[in-house]
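All remarks here apply to the structure that follows.
The values are calculated or read from the model by the stated rules, or taken from the named source; none is laboratory data. All values reported here derive from a predicted model rather than from experimental measurement. Every residue, glycine as well, gets a Cβ built from its backbone with ideal geometry; the counts of neighbours run over all protein chains shown. Accessible surface areas use protein heavy atoms only, side chains included; no ligands, DNA or RNA. Shrake-Rupley method; radii C 1.70, N 1.55, O 1.52, S 1.80 Å.
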Amino acid sequence: MSWNSFGRVFRFTTWGESHGPALGAVVDGCPPGLVLAESDIQPYLDARRPGQSKFTTQRREADAVRILSGVFEGRTTGTPISLIVENTDQRSKDYSEIANTYRPGHADYAYDAKYGFRDYRGGGRSSARETAARVAAGAVARLVIPDVSIRAYVAEIGGDAIDPAAFDAEEIARNPFWCPDAAAARRWGKRVDDARKAGSSLGAVVECVATGVPAGWGAPVYARLDADLASAMMGINAVKGVEIGDGFGAARLTGEQNADAMRPGVIRDSPQFLWDSPQFLANHAGGIAGGISTGQPVVCRVAFKPTSSILAPVETIDRAGNATEIRTRGRHDPCVGIRGTPVVAAMMALVLADHKLLHRAQCG
């Protein structure tokens, strides 16, 4: 299987399967001299870890990370950083019934059509379990962009969106949905629990905002910051849509409505500019114009489809092409977007770290 790597200068490769002995990542291109310990990575893995509430899969994994290489005396050496997370709570027998039957909406059929066989135990490489490795790599990426703050939260579940006027950043960590709206979190509790009890699932929209990104990261054609963000987010399991800034909403605006009007910033003495960063009056572009960051917050929204592994019966076929019906047993997220939230934040960090180093390589 090819294409298990992402990034240009700051590049990472993930490996391992959902029901294998372990999974992990190799991070290459990390600058030397950065302070790094397992304790710097573990909190992000804990945020993604399964089994923390009744609203996520009940698979019990410690997701304890170990650093195998690339760090000496507490600092990165500039060589590849190898990270490993062991699998300790696999129940492969839960998937014996789908060994020869395809789950509609899952990667089962497409994977089989491409490779001629598949690891049906949890989906193998197509399982969301793989994202633990991305979160670990993302923790390393954050060290490269210490002045950038990244916040991800769930903005919508099952078509029920938060009230922007009720946004409370402190509320995000207080509920199991990473929700900044306390009232919405209470509503979602019943909606997700009802879906779980019915053997069904719900979709979600996750929003991610990165502040502190300076103007100038990205490129106007083939290394566009927005294109790389879209690629990174679409590479997350169950993601079916990505918006930068207003996204599809921009298509419903007029030119003057969509314009991010600017006013002069602070005058300063510089050989390059006579003024500091401009004052923007709006951020419809999501902090990116022409593929290059503007200095405004970078805003990305990610749509997660409902989990495909559900107990509700669905029509399908087996490997021989015979019509049948499937009910997927086992432990699955009734709303995969909840645990997808830390993954979105990790992918934002990985893309921004890569683009910081790309910018430095070209522009000094």
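Can you name the residue in the stretch 137-150 that is part of a helix (DSSP H, G or I) and more than 12 Å from the chain's Cα centre (by Cα) and, of all such residues, is surrounded by the most Cβ atoms within 10 Å (Cβ to Cβ)?
Keep residues of the stretch 137-150 that are part of a helix (DSSP H, G or I), which gives 137-144.
Retained after the next criterion (residues that are more than 12 Å from the chain's Cα centre (by Cα)): 139-144.
Numbers: Ala139: 24, Val140: 28, Ala141: 26, Arg142: 21, Leu143: 17, Val144: 21.
The qualifying residue surrounded by the most Cβ atoms within 10 Å (Cβ to Cβ) is Val140.
Only one entry in Gly291, Gly337, Gly286 is in contact with an Asp or Glu (Cβ under 9 Å, 6 or more places away or on another chain) and within 20 Å of Phe6 (Cα to Cα), namely Gly291.
Kindly indicate which of Ser231, Ser201 is among the polar types (S, T, N, Q) and outside any loop (DSSP other than H, G, I, E, B). Explain how you work it out, then say what you get.
Numbers: Ser201 fails: outside any loop (DSSP other than H, G, I, E, B).
Matching residue, one of Ser231, Ser201: Ser231.
For beta carbons closer than 9 Å, sequence separation of 6+ or different chains, a first residue in the stretch 208-222 that is among the polar types (S, T, N, Q) and a second that is surrounded by 14 or more Cβ atoms within 10 Å (Cβ to Cβ) and not in a loop (DSSP other than H, G, I, E, B), the qualifying pairs are Thr211/Ile150; Thr211/Arg151; Thr211/Val298.
Of the residues Ala184, Ala169, which is of a type in the set (Gly, Ala, Ser), surrounded by fewer than 16 Cβ atoms within 10 Å (Cβ to Cβ) and over 16 Å from Cys300 (Cβ atoms)?
Working: Ala184 fails: surrounded by fewer than 16 Cβ atoms within 10 Å (Cβ to Cβ).
So the residue among Ala184, Ala169 that is of a type in the set (Gly, Ala, Ser), surrounded by fewer than 16 Cβ atoms within 10 Å (Cβ to Cβ) and over 16 Å from Cys300 (Cβ atoms) is Ala169.
Considering the stretch 1-21, the residues that are over 16 Å from the mean Cα position of the chain (by Cα) and exposed (fewer than 15 other Cβ atoms within 10 Å of the Cβ) include one that is modelled with the lowest pLDDT, namely Met1.
Take the conditions (1) at pLDDT below 95; (2) assigned to a loop (DSSP other than H, G, I, E, B); Asp194 misses just one of them, which is (2).
Surrounded by 14 or more Cβ atoms within 10 Å (Cβ to Cβ) and in contact with a helix residue (DSSP H, G or I) (Cβ under 8 Å, 6 or more places away or on another chain) - does that describe any residue in the stretch 193-200?
So the first thing to find is which residues in the stretch 193-200 are surrounded by 14 or more Cβ atoms within 10 Å (Cβ to Cβ), and the list is 195-196, 199-200.
Among the residues that remain, those that are also in contact with a helix residue (DSSP H, G or I) (Cβ under 8 Å, 6 or more places away or on another chain) are: none.
No, there is no match, as no residue in the stretch 193-200 is surrounded by 14 or more Cβ atoms within 10 Å (Cβ to Cβ) and in contact with a helix residue (DSSP H, G or I) (Cβ under 8 Å, 6 or more places away or on another chain).
Could you check, for the stretch 241-262, whether at least one of its residues is within 20 Å of the chain's Cα centre (by Cα) and more than 21 Å from Gly291 (Cβ to Cβ)? Within the stretch 241-262 (the criterion being within 20 Å of the chain's Cα centre (by Cα) and more than 21 Å from Gly291 (Cβ to Cβ)), the answer is no, since none of the residues qualifies.
From the residues in the stretch 151-163 that are under 16 Å from the mean Cα position of the chain (by Cα) and in contact (Cβ under 8 Å) with a residue 60 or more places away in the chain, which one is surrounded by the most Cβ atoms within 10 Å (Cβ to Cβ)?
Residues of the stretch 151-163 under 16 Å from the mean Cα position of the chain (by Cα): 151-156.
Imposing the further condition that a residue be in contact (Cβ under 8 Å) with a residue 60 or more places away in the chain reduces the set to 151-155.
Numbers: Arg151: 16, Ala152: 24, Tyr153: 22, Val154: 29, Ala155: 23.
Within the stretch 151-163, the match that is surrounded by the most Cβ atoms within 10 Å (Cβ to Cβ) is Val154.
Only one of the listed residues (Arg319, Arg329, Arg301) is surrounded by fewer than 24 Cβ atoms within 10 Å (Cβ to Cβ) and in contact with a helix residue (DSSP H, G or I) (Cβ under 6 Å, 6 or more places away or on another chain). That residue is Arg329. Among residues of the stretch 332-364 being in a loop (DSSP other than H, G, I, E, B) and open to solvent by 10 Å² or more (accessible area, probe 1.4 Å), the one that is nearest to Asp226 (Cα to Cα) is Gly364.
Which of the residues spanning the stretch 237-248 are in contact with a strand residue (DSSP E or B) (Cβ under 7 Å, 6 or more places away or on another chain) and under 13 Å from Thr131 (Cβ atoms)?
If we filter the stretch 237-248 for residues that are in contact with a strand residue (DSSP E or B) (Cβ under 7 Å, 6 or more places away or on another chain), which is where we start, we get 238-245, 247.
Once the filter is applied, which keeps residues that are in contact with a strand residue (DSSP E or B) (Cβ under 7 Å, 6 or more places away or on another chain) and under 13 Å from Thr131 (Cβ atoms), the stretch 237-248 yields Ala238, Val239.
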